[in-house]
Amino acid sequence: MMGRRYGGDAVCYDVVKGEIMDFNLRPAIVIWEVTQACQLACVHCRAEARPGRDAGELSSEEGFALVDQVAGADAPLMVLTGGDPMERPDIAAFVRRGVERGLRVGLSPSATPKVTPQSLRELKAAGLHRLALSLDSHLEHKHDAFRRVPGSFRRTMEIARDVRDIGIPLQIGTTISALNASELEPMAEIVGRLGAVLWSVFFIVPTGRANPALMISAEVCEKALYQLHDIARVAPFAVKTTEAPHYRRVVAERTGRKPASGVNDGKGFVFVSHWGDVFPSGFLPVKAGNVRERPLGDIYRDSPLFKALRDPGRLNGRCGICEFRTFCGGSRARAHAVSGDPLGEDPLCSYVPEAPCVAEAGRSTQSSPPQRPPRPPSATHPPHPEAPTTPPPAVRAE
Ligand code: SF4
């Protein structure tokens, strides 16, 4: 949601402030789960959202204080998510407060009747930077089955039209799972038709309600990343991935260009729960502190967990010996969900590191080098002449 970022290991370019960011010092994105209340019941919901608001969620005053903490942490972007953030009557006030504090503020509401043209106009007047809607299939009945509420697909289309008419930049988010991994092309077509500026493609992590059976294989993931890169080369919208930082490796392999750094769990990215608990990601449920007790910036900079996640030298398994680890590093959330080790290897990456040095190889959890898998057919295509000069950022917004 910030535009392109360029940089090395733990730094990137902040296009909002026009300066280099050091992820060791400040996050690029803060996601705040303002509530877990939601009228939908999605099969892959990270938050395991429920219909009613929790009495322990941050109050309005605590919310304003958190927004100030986000600004104090020098983060350029804050995204208000849920549950459904529209369940909170003070949501536009949070947007306004963030904008007043110099933040870009995004919002990811659920597609319910609460998102009216009137509420959208209020959000725009408050200074909303972008609104993100979820779309998990190009087929109406299939999307509704994901959301477990009939009519969700139509409501999403209606809201997308209103968002566009009112003049708020639109983002579409899609969660890739075993149920829809073959639908990238038709879904990209819809994203383009809706006039979205960004397609945010999330690769499922088995947390919350997301059953491990929804996981895709590393081979299917690799094929999807190649497809996404093909789409990104010609689409009228930008493409980014979430919980698939190896997209940067795929782009580097196909273009031959040095990859840009990007955010990863705890590295440029921080998640604050409805209770104020701080996590490296909404999909990595290892708590590092609480904003009611300690400022967000302090937790982000100083917690041993966040520091370890930002250190590629601490990674284990294939990620620990991989030549791409400084700018990829694998999904820390998925490593934790599958193995219990947030520093373990990402099981959704099929890459076999080229030639780890002896010292690094000694840290590998594998007893013998795995065989390099065949690349998808499109891997042999030459770089597209209109390929970006650097890979698309893997900045997440939900
Ligand atoms: S092995 Fe790990 S660090 Fe290397 S490309 Fe795959 S996910 Fe990234």
- Over the Cα atoms of the stretch 11-303, what Rg and Dmax result, in angstrom? 18.1, 52
- Please report, to two decimal places, log10 I(q)/I(0) for the stretch 232-344 at q = 0.14, 0.19 Å⁻¹ as given by the Debye formula with identical point scatterers on the Cα atoms and no solvent. -0.60, -0.97
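Pairs of Cα atoms under 8 Å, at least six residues apart: use those to get the relative contact order of the stretch 11-303, whole percent. Can you show the working numbers first?
Numbers: 569 pairs, mean separation 59.7, N = 293.
It rounds to 20 percent for the stretch 11-303.
Of the peptides 247-258, 126-137, how do they stack up when ordered by the mean number of other Cβ atoms within 10 Å, highest first?
Values: 247-258: 20.2, 126-137: 22.0.
My ranking of the peptides, most packed first, is 126-137, 247-258.
Tally the DSSP beta bridges in the stretch 11-303 and give the antiparallel ones as a percent, rounded to 5. List each step's numbers first, then the result.
Details: 10 of 43 bridges.
Here the share of antiparallel DSSP bridges comes out near 25 percent.
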- Normalised alpha carbon radius of gyration of the stretch 96-215 [divisor 2.2 N^0.38 Å]: 1.10
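Treating only the Cβ atoms of Lys and Arg (+1) and Asp and Glu (-1) as charged, compute the dipole magnitude of the stretch 11-303 about its Cα centre; round to the nearest 20 debye. All intermediate terms of the calculation are to be shown ahead of the outcome.
Details: 36 positive and 35 negative charges, 100 e Å.
About 480 debye.
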- Among the lysines, which have Cα under 22 Å from the Cα of Lys258 when same-chain residues fewer than 8 positions away are ignored? Lys223, Lys240, Lys267
- Task: Order the peptides 211-218, 157-164 from the highest to the lowest mean number of other Cβ atoms within 10 Å of their residues.
- Result: 157-164, 211-218
- With a bin width of 5 angstrom, please list the P(r) values of the stretch 30-153 as percents of all Cα-Cα pairs, from the 0 bin to the one holding the largest distance. 2, 12, 21, 22, 19, 14, 7, 3, 1
- Work out, step by step, the length gained on full extension between Ala235 and Gln118: first 0.36 nm times the residue separation, then minus their alpha carbon distance; give nm to one decimal. 39.0 nm
- Query: Reachable aspartates and glutamates from Lys142, Cα under 18 Å, same-chain residues fewer than 8 places away excluded?
  - Reply: Glu158, Glu183, Glu185, Glu189
- Mean Cβ count within 10 Å, highest first, over the residues of peptides 84-96, 272-284, 60-72: 272-284, 84-96, 60-72
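Computed from the coordinates by the stated procedures, all read-outs in this text should not be read as laboratory data. No experiment lies behind these values; they were computed from the predicted model shown. Cβ coordinates were reconstructed from backbone atoms using ideal geometry, including for glycine residues, and neighbour counts include every protein chain displayed.
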